[in-house]
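See below for the structure under consideration.
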Amino acid sequence: MPEMKLQDLKAKSPVELAWHGFPAAYWRCLAATALFSIGNSSNSFLILATQDTGVSLTATILIYAAFNLVAAVISYPAGLVSDRWGRRSILLASFLFFFVAYLGFALTRNSEVIAVLFALYGLHQGIFRSVGKAMASDYVPAHRRASAVGWYSTTVGLLGLLASAVAGLLWDRIGHAAVFFYGAAFAVVGGTALLALMPAKRTRARRGAAR
C-alpha cells in the first residue's frame, strides 16, 4: 500500500483566519446582524421572566423544551425557503418574531401567553441560526466561507455577552420589562439596518469576492 503523503491530507477549503479581504457586502451583512445582536441577550432572562409570572418549575421546563423543539424543526425548512425567497426576507421574519416575543414578555404576565411567546422566540432562534450563517457565507467565495461564518459567529457571540451584561443591569436596577423593551428596540434597529444595507435577494457567490 503506497505511503500517504502529507499534502494529501490538506483540506480543500482551509480556514483563513484573516479578516481582511472580505467584500463590502459581507461587512454590511455583519453590521446589520451586530446591531440586532446588541439586544439579543441570554435565554436565561426569558426563563427568569417565565418563573416570575408564577409558572412552576416543571411547566417552565416543558415550555423551554417546546421552544427548543420549535427552533430545531424550523431550522431546515427556513434554510430551504430562504434559497427561494432570499435570505433577507426570511431573516427579517426572524427579527419580527423576536420583536413580538420580547415585546410580549415586557407587557404580559399571563402564563399561557408566555408559552406562545416562547414558541415565537423558538421560530426566531431556528431561523436566525440557519439563515444568518447562510446569508453571511453568500457574500464570499467558496474558499472563504468557513472564515466568514467563523467571524459571523464570533460577532454574534461576543455581542450576545454584551447584551446579557446590559440586560442584567437593567433587570436589577429597573425591572425585567426593561430587558425586553431593550431587546425589542434593537430588533427594530437591526431590521432597519438589514433593509437599508442589504439587497433584497442574493445568490451564493461562486467566483471571487462579491462586489
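Here are a few things to note about the model shown:
- For segment 33-61, the tally of residues that are in contact with a Leu (Cβ under 6 Å, 6 or more places away or on another chain) and modelled with pLDDT under 95 stands at 0.
- Filtering segment 117-159 to residues that are more than 26 Å from ALA177 (Cα to Cα), part of a helix (DSSP H, G or I) and of a type in the set (A, V, I, L, M, F, W, C) leaves VAL131, ALA134, MET135, ALA136, ALA142, ALA146, ALA148, VAL149, TRP151.
- Take the conditions (1) under 15 Å from the mean Cα position of the chain (by Cα); (2) within 20 Å of GLY160 (Cα to Cα); (3) in contact (Cβ under 8 Å) with a residue 60 or more places away in the chain; (4) surrounded by fewer than 22 Cβ atoms within 10 Å (Cβ to Cβ); PHE95 misses just one of them, which is (4).
- Against the list (1) modelled with pLDDT of 95 or more; (2) under 17 Å from TRP151 (Cα atoms); (3) surrounded by fewer than 16 Cβ atoms within 10 Å (Cβ to Cβ), the condition GLY21 fails is (1).
- All conditions but one from (1) among the charged types (D, E, K, R); (2) at pLDDT 95 or above; (3) buried (at least 16 other Cβ atoms within 10 Å of the Cβ) apply to ARG145; the one that does not is (2).
- Looking at ILE63, ILE114, just one residue is more than 18 Å from ALA177 (Cα to Cα) and in a helix (DSSP H, G or I), and that residue is ILE63.
- Matching option when the condition is under 18 Å from TYR139 (Cα atoms), modelled with pLDDT of 90 or more and not aromatic (Phe, Trp, Tyr), among LEU69, LEU91: LEU91
- Scanning segment 37-78 for residues that are more than 18 Å from the chain's Cα centre (by Cα) and among the hydrophobic types (A, V, I, L, M, F, W, C) turns up ILE47, LEU48, ALA49, VAL55, LEU57, ALA59, ILE61, LEU62, ILE63, ALA65, ALA66.
- THR58 vs. criteria assigned to a helix (DSSP H, G or I), closer than 25 Å to ALA178 by Cβ and not aliphatic (A, V, I, L, M): no
- Odd one out for VAL100, checked against (1) surrounded by 23 or more Cβ atoms within 10 Å (Cβ to Cβ); (2) under 17 Å from GLY190 (Cα atoms): (1)
- Residues in segment 154-178 that are among the polar types (S, T, N, Q) and either in contact with a helix residue (DSSP H, G or I) (Cβ under 7 Å, 6 or more places away or on another chain) or under 8 Å from SER41 (Cα atoms) (or both): THR155, SER164.
The values are calculated or read from the model by the stated rules, or taken from the named source; none is laboratory data. Keep in mind it's a predicted model, so treat the numbers as computed, not measured. No Cβ is skipped: glycine too gets one built from the backbone with ideal geometry, and neighbour counts run over all protein chains shown.
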